[in-house]
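Notes follow the structure.
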Amino acid sequence: MLGFLVKRPPKLSSSAREFVRAHPDEARVAVAVALETAAVQSRAEPTRSTGDVPARLRRFVVDRTGEGLIGATEAASRLGVSRTTVYDWAARNTLIAWRATKRGLNIPAGQIVGPGRVAGGLAEVVDVVGEPELAWTFLSQEWPFADGVARPIERLQSGRLDEVLSAAAGFGATFT
């Protein structure tokens, strides 16, 4: 069963109804995002294997333990900062990271855009989604946007924070 907090759909507020009237295309995208996320949740088994997931949904399965994760030392080297700075940025969600062990961090390398630079808006995405590892799951998978399907991390790197935050709200709400 999906982890929705409500048993019946709530009535739309007047501002939500006005949004649907004023922005029907954006409303359709929001509904599509919610339905795709619910489909992934309802069909995916709690296993690392993608063999049990229907072929149409496999592109939504994210292996968070595989390639692309680095530790604090490697992140510090790529960013040209100290390990202390990496831990500080991780604590503030300026850099998305989560505990791998008592003493180590998992840091997705894809958020690093250059020396001393990570994609902008990461802390805001974590605030919306609720936790760093889940935020990275959202950022690293393809997601439907008004002008096509893309990975949200790519949208952040091109400065489209508002668009990513709107999509993140739908993603985070389905995992509570």
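The values are calculated or read from the model by the stated rules, or taken from the named source; none is laboratory data. Here the structure is a predicted model, which means the values were calculated and not measured. All Cβ positions, even for glycine, are placed from backbone atoms using ideal geometry, and neighbour counts span all protein chains on display. Only protein heavy atoms, including side chains, enter the accessible area calculation; ligands, DNA and RNA are left aside. Shrake-Rupley method; radii C 1.70, N 1.55, O 1.52, S 1.80 Å.
Per 0.36 nm of contour for each residue apart, how much would the distance between Val81 and Asp147 grow if the chain were fully extended, relative to their Cα-Cα spacing?
Extra length from Val81 to Asp147 when fully extended: 20.1 nm.
What length, rounded to one decimal in nm, is gained on full extension from Ala27 through to Asp127, with 0.36 nm per residue of separation minus their alpha-carbon distance?
Details: separation 100, 0.36 × 100 = 36.00 nm, distance 2.25 nm.
Residue separation times 0.36 nm, minus the Cα-Cα distance, leaves 33.8 nm.
Search the structure for amide H atoms under 5 Å from the amide H of Val118, placed 1.01 Å from N in the peptide plane, and list their residues when 5 or more places away or on another chain.
Hits under the 5 Å cutoff: Val113.
How would Val126, Val20 rank on accessible area, largest to smallest, probe 1.4 Å?
Greatest to least solvent exposure: Val20, Val126.
In whole Hz, what ³J(HN,Hα) sequence does the range 13-29 give by Karplus (6.51, -1.76, 1.60; θ = phi - 60°), x for Gly and Pro?
Calculated HN-Hα couplings, in order: 6, 5, 5, 5, 4, 5, 4, 4, 5, 7, 9, x, 5, 5, 5, 4, 4 Hz.
Between Leu12 and Arg56, how high is the FRET efficiency from 1/(1 + (r/R0)^6) when r is the Cβ-Cβ distance and R₀ = 30 Å? Nearest 0.05.
In this case the efficiency is close to 0.50.
Just by accessible area at a 1.4 angstrom probe, what is the order of Asp127, Asp25 from largest to smallest?
Reading off the accessible areas and sorting them downward yields Asp127, Asp25.
If amide H atoms are built 1.01 Å from N in the plane of the peptide, which residues on other chains or at least 5 residues away come under 5 Å of the amide H of Phe145?
Ala150
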